[in-house]
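Here is the structure we will look at, set down as structure tokens.
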Amino acid sequence: MAEFDLIDLIRARCAIERADVRLGIGDDAAILAPPAGHDLVVSTDTLVEGVHFPASTGARDLGWKALAVNLSDLAAMGATPAWALLALTLPVADRAFVADFADGFAELAAQHRVALVGGDTTSGPLSVTVVVHGFVPPERALRRDGARIGDQVFVTGAIGDAAGGLACLERRHPHLFEVPAEAREALIARLERPTPRVAAGSALRDSATACIDVSDGLLADLGHIAARSGVGIELDAWKLPTSSALLSAFEENERLVLQAGGGDDYELAFTAPLERATTIERDLARLGCGATRIGTVVGGSGVRLLDAKGGEIRLSRRGWNHFA
């Protein structure tokens with residue numbers, strides 16, 4: 001296929017109408033109209049084959065994930081998604097691959113009314129870059145620098161599943177050959193089709209003091225909040241929310257490494273005053289993702305993972321670093 005045939009294919013499969021898109025795909029640039037009285041929130045992420053996703057990942061799942069990881073960044077800011085740009089680099093112009101990719105992208109875009117308004121297609125090793133734009137009322141965005149001593153630390157959903165799914169795909173542990181198929185499929189699904197917590201992010205605008213999405217690992221990502229806020233964070237290892245699939249697939253020590261240092265879950269980790277805890281837990285339970293208190297903001301710096309006796313647990317892996 002020629003480049004513009006690919007563009008036409010993507011445009012047809014990702015068509016979502018929005019009144020604030022004055023001019024979309026087809027010109028040198030899009031013309032967009034941000035709503036009055038809102039700030040514009042913009043983020044971008046790149047997924048590279050063999051780094052961010054295994055070569056075995058299906059095109060439809062890749063399309064979903066490419067958008068999901070970017071929407072997760074908007075969720076962590078409390079923003080409502082609106083528009084996206086897509087840059088797709090392909091080894092060959094494979095019509096079937098692009099059609100499936102676009103369908104996965106469009107499936108998630110439709111859930112959040114995200115309009116694809118432009119992008120690029122190029123030849124090269126498989127990689128995907130997405131830019132997303134969203135809106136948030138002025139001075140209402142969630143940030144990383146607002147955590148205060150005494151705040152409670154929360155995380156949505158369950159963590160460790162995506163890292164567990166990757167371990168299942170790579171068969172890194174001999175006993176994984178014996179994991180029930182249902183559990184294995186559930187873990188891999190969390191890796192390949194993460195759920196961006198957009199509604200949760202919006203609901204936290206009035207409660208959270210700091211927020212981040214869990215992409216590189218819980219310890220690593222909460223470390224960004226600790227550094228930006230000038231505080232320390234203590235996490236209770238036994239409180240980390242665990243799915244039934246992860247419980248059935250891994251032993252306790254293995255689970256802890258996956259949950260604390262694995263990443264790729266795209267849950268929200270955030271801090272909030274103790275007096276807001278009941279409201280937060282109730283509101284996020286209504287949204288279906290829930291929120292679990294897993295620690296406390298303290299004086300000092302860095303993130304410490306504690307056992308039930310208050311001793312520090314030191315892990316060899318605390319998160320993903322591209323250039324480590």
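Summary table below
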| quantity | calculated |
| --- | --- |
| Cα lying deepest toward the dipole's positive end in segment 180-253, options Ser202, Pro180, Ser229, charges on Cβ | Ser202 |
| Counting DSSP beta bridges with both ends in the chain, the antiparallel % (nearest 5) | 70 |
| For segment 152-306, radius of gyration divided by Kirkwood radius, i.e. Rg to Rh on alpha-carbons | 0.98 |
| Extreme residue, positive dipole direction of the chain, given options Leu23, Thr242, Phe105 (C-beta unit charges) | Thr242 |
| Neighbour net charge for Ala291 - beta-carbon separation under 9 angstrom, K R +1, D E -1 | -1 |
| Along principal axes, Cα extents of the chain, largest first, whole Å | 63, 53, 36 |
| Computed magnitude of the charge dipole of segment 222-294 (debye, nearest 20; Cβ of K, R +1, Cβ of D, E -1) | 300 |
| Packing-based order for 250-259, 152-161, using average beta carbon neighbours within 10 Å, highest first | 152-161, 250-259 |
| Ordering of 27-37, 67-77 by packing [mean C-beta count within 10 Å, highest first] | 67-77, 27-37 |
| Rough spin-label spacing in nm, given labels placed 7 Å along Cα→Cβ, for Thr44 and Glu275 | 4.3 |
| Selected from Ile149, Thr121, Gly134, residue furthest toward positive end of dipole (segment 59-215; charges at beta carbon) | Ile149 |
| Calculated [θ] (222 nm, deg cm²/dmol) that DSSP helices of n ≥ 4 give over the chain, each run adding -39,500 (n - 2.57) | -10500 deg cm²/dmol |
| Gap separating the Cα centres of segment 271-306 and segment 187-232, nearest whole Å | 11 |
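Read the figures in this text as sums done on the coordinates, not as results from a lab. Please read all numbers here as calculations on a predicted model, not as lab measurements. All Cβ positions, glycine included, derive from the backbone under ideal geometry; neighbour counts span all protein chains shown.
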